[in-house]
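J.: Supplied in structure tokens, the structure appears directly below.
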Amino acid sequence: MAAVENKLTHCLSFDIEEHFQVSGFESPMRRKHWDQYESRVEQNTDTILDVLAARQFKATFFVLGWVAERNAQLVRKLAAEGHEIASHGYGHELITAQTPQVFREDIRKAKRILEDLIGGPVYGYRAPSFSITQETKWALPILVEEGYAYDSSVFPVLHDRYGMPGANPQCHQLETASGALWELPPSTVKVGGMRVPVAGGGYFRLFPYPILRWMLRRIEEQGQPLVVYLHPWELDPGQPRMQGPMISKFRHYLNIGKTKERLTALIRDFDFGPLRTAIPAMASAVASHER
């Protein structure tokens, strides 16, 4: 058991999108005017890089294709500094609003843009707002067909816009109609019989950090790698305020001024790497179990 624990790799990731592309504020009119809003993604991602540099950690950056087209130098910089570039799709449209053909075109376009920019393969995918649900599981074999090796979209929780309650909460390999795909779900922990999301985003900002750290340690003690995520806009308390439903404003702006401090504490207390680094360890564990 000790040897397995020593090989445990925690995973840190960032969904690279603009503050005005958040699904909670989505509207046809806002989408139509994306190019007219102030871009803040580059400066916010630079803030993330400064925090990671303090411990020389590498992470996975799930980059939106739309953002990559307009910030090519940022993508190349991330790759040059040794971070993993993965796909967040192209247009940040929920899979629940797409047909299989539209989804295929979206992830194919994003993958091509990113691979052309970094001159290498893109293995990972994360759906906008974790929108691979029970109703959109058809997306998983399409990911395999389009050359993706792993997915980090299935959130095993109950939520009004996403989630797949009852899904396997651990990092695992699943078989689709088109072949094998690694699934690396965002971290959750059982507290009092209830599965609580603690992986990042609004959950990372909701809980006081000592409570969050306690829950993350519980996952670690179970021999499971942490899969943590954040967005660049979560480190930007000065971003322009958007109008939308009260629940969206609460989720988006809650404790946003504390994210940088908490991220700094997180990487002080845990060791992290990109998501792809967890896969060889998982493959080895699966092979050992089968033997």
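J.: For segment 97-140, which residues satisfy the criterion of being part of a helix (DSSP H, G or I), touching a residue at least 60 places away in the same chain (Cβ under 8 Å) and hydroxyl-bearing (Ser, Thr, Tyr)?
T.: Answer for segment 97-140, where residues must be part of a helix (DSSP H, G or I), touching a residue at least 60 places away in the same chain (Cβ under 8 Å) and hydroxyl-bearing (Ser, Thr, Tyr): just 129.
J.: Would a scan of segment 84-105 turn up a residue that is within 19 Å of residue 276 (Cα to Cα), surrounded by fewer than 21 Cβ atoms within 10 Å (Cβ to Cβ), touching a Lys or Arg at 6+ places or on another chain (Cβ under 8 Å) and aliphatic (A, V, I, L, M)?
T.: Scanning segment 84-105, I find no residue that is within 19 Å of residue 276 (Cα to Cα), surrounded by fewer than 21 Cβ atoms within 10 Å (Cβ to Cβ), touching a Lys or Arg at 6+ places or on another chain (Cβ under 8 Å) and aliphatic (A, V, I, L, M), so the answer is no.
J.: Which members of segment 223-272 meet the condition of being within 23 Å of residue 124 (Cα to Cα) and of a type in the set (Asp, Glu)?
T.: The answer is 234, 271.
J.: Residue check: is residue 13 more than 28 Å from residue 277 (Cα to Cα) and either in contact with a strand residue (DSSP E or B) (Cβ under 8 Å, 6 or more places away or on another chain) or of a type in the set (Gly, Ala, Ser) (or both)?
T.: It is false that residue 13 is more than 28 Å from residue 277 (Cα to Cα) and either in contact with a strand residue (DSSP E or B) (Cβ under 8 Å, 6 or more places away or on another chain) or of a type in the set (Gly, Ala, Ser) (or both).
J.: Consider residue 119 carefully, then state whether it is of a type outside the set (Lys, Arg), on the phi > 0 side of the Ramachandran plot and surrounded by 22 or more Cβ atoms within 10 Å (Cβ to Cβ).
T.: No, not satisfied.
J.: Going through segment 58-70 one residue at a time, which ones are crowded, with 21+ Cβ neighbours inside 10 Å and part of a loop (DSSP other than H, G, I, E, B)?
T.: 59, 64
J.: So, one more: Restricting the search to segment 104-122, which residues are touching a Leu at 6+ places or on another chain (Cβ under 9 Å) and under 20 Å from residue 176 (Cα atoms)?
T.: 107, 122
J.: A further question follows. Is at least one residue of segment 75-82 part of a helix (DSSP H, G or I) and more than 25 Å from residue 9 (Cβ to Cβ)?
T.: yes
J.: Going by the structure shown, is residue 35 in a helix (DSSP H, G or I), surrounded by fewer than 17 Cβ atoms within 10 Å (Cβ to Cβ) and modelled with pLDDT of 95 or more?
T.: It is false that residue 35 is in a helix (DSSP H, G or I), surrounded by fewer than 17 Cβ atoms within 10 Å (Cβ to Cβ) and modelled with pLDDT of 95 or more.
J.: Still on this model: Go through (1) at pLDDT below 95; (2) over 14 Å from the mean Cα position of the chain (by Cα) one by one and return the number of the condition residue 22 breaks.
T.: Against the list (1) at pLDDT below 95; (2) over 14 Å from the mean Cα position of the chain (by Cα), residue 22 comes up short only on (2).
J.: Ok, one more. Given the conditions (1) modelled with pLDDT of 95 or more; (2) assigned to a loop (DSSP other than H, G, I, E, B); (3) buried (at least 22 other Cβ atoms within 10 Å of the Cβ), report the number of the one that residue 162 does not fulfil.
T.: (1)
J.: Moving on. Can you pull out every residue in segment 74-84 that is more than 17 Å from residue 153 (Cβ to Cβ) and touching a Leu at 6+ places or on another chain (Cβ under 9 Å)?
T.: 75, 76, 77, 78, 79, 81, 83 - these are the residues of segment 74-84 that are more than 17 Å from residue 153 (Cβ to Cβ) and touching a Leu at 6+ places or on another chain (Cβ under 9 Å).
J.: For segment 149-159, how many residues meet the condition of being surrounded by 21 or more Cβ atoms within 10 Å (Cβ to Cβ), in a loop (DSSP other than H, G, I, E, B) and not β-branched (Val, Ile, Thr)?
T.: Number of matching residues: 3.
J.: Can you name the residue in segment 38-67 that is among the hydrophobic types (A, V, I, L, M, F, W, C) and in contact with a Ser or Thr (Cβ under 9 Å, 6 or more places away or on another chain) and, of all such residues, is farthest from residue 11 (Cα to Cα)?
T.: 67
The values are calculated or read from the model by the stated rules, or taken from the named source; none is laboratory data. This is a predicted model, so every value here is computed, not measured. When we count neighbours, we look across all protein chains shown, and the Cβ atoms used for this are built from the backbone with ideal geometry, even at glycine.
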